[in-house]
Structure formats: C-alpha cells, structure tokens
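What follows is one structure encoded as structure tokens, with my remarks underneath.
We did not get these values from a lab; they are worked out from the coordinates using the rules stated. These numbers were taken from a predicted model, which means no experiment stands behind them. Using ideal geometry, Cβ is built from the backbone for each residue, glycine included, and neighbour counts are taken over all protein chains shown.
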Amino acid sequence: MSQIDKATRLSNFLIDYGMLVIAWNVLTVVFDTWSIIPLAFWAIAFAYYVILETFFGQTIGQYITKTAVVRKDGNKPSFTNTLFRSFSRLFVTIDCLSYLFGTQRGFHDVISATKLVAYSNRTKRIDILDEDVL
C-alpha cells in the first residue's frame, strides 16, 4: 500500500488553485465586475471540488498526480462525502494545519470519512491507503 506524501498533496492543491484562479478570472471578465471577488471565488472553489470529486472521484490536480478520492471503504465518494470534504477544506481554517504535524490524512479527510489514494494508469487499480483512524 502506498502513502500519499505531502508533496503530492501540495501539488494537488497548487494545480487546483491555479484552475480556480483561471476560472475566477474568466468569470470576472465575462461579467465585467471585480466587486464579487471573495464570494465568487469561494463559490467557484466549492462547486469545483464538489462536482469533480462527486462525479469523477478526483479534481484536475488529482488527475495529474494520479490520485483519487475514495470513501474509507474504498468506494467512490457520495455527494454527502464530497459536501463535507469540500466544506471542511474551504471553510475550516485549521485544515491546512493538519498537514504540518505529520498526519497523512487532512482534517477534511477525517470529517468526510474519505481518503486520497494513488492509482496506476497501466492497471487502473487503486492502491488503498492503510486504514488509519484518528
């Protein structure tokens, strides 16, 4: 079983953040307004994570790094799982701190009963992370 390291999680974050910044910039140009900056960005981010992780099990960053989100039992995350995951990722400010203290699962993983797993393109097999309960 493989562990998802912090560098992979950071790569996921940076790629996804870049995608969100691009989407936000496109919308501000299309609607010709900069007055909705904070609210629009968080709404776009929330929708981005919920839609992609619910329907595809991964975001664009996770696709590039060959990782995916699964429930703790290894199945595809439900809509409820991704709602809790996205809410805690975006609105619980201590989530980013959970990685600074050596944990492999972020606060958003624990709250949503999900985990990040690595997969191989050749076998289309998902290597489930070790079950660790916090």
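For a quick protection proxy, order the peptides 50-61, 74-85, 16-27 by their average other-Cβ count within 10 Å, most packed first.
Numbers: 50-61: 18.8, 74-85: 16.7, 16-27: 14.4.
Result, highest mean first: 50-61, 74-85, 16-27.
Step through the residues of region 14-22 one at a time and calculate ³J(HN,Hα) from phi using the Karplus curve (6.51 cos²θ - 1.76 cosθ + 1.60, θ = phi - 60°), rounding each to whole Hz and writing x for Gly and Pro.
After applying 6.51 cos²θ - 1.76 cosθ + 1.60, I find 5, 5, 5, 4, x, 5, 5, 5, 4 Hz.
Taking 0.36 nm per intervening residue step and subtracting the Cα-Cα distance, what contour gain separates Asp32 from Tyr63 on full extension?
Going from the current span to full extension adds 8.0 nm.
Which whole-Hz ³J(HN,Hα) couplings does region 64-77 yield from phi under the Karplus relation 6.51 cos²θ - 1.76 cosθ + 1.60, θ = phi - 60°, glycine and proline marked x?
Taking θ as phi minus 60°, the curve returns 5, 8, 6, 10, 8, 9, 9, 5, 4, 7, x, 8, 4, x Hz for region 64-77.
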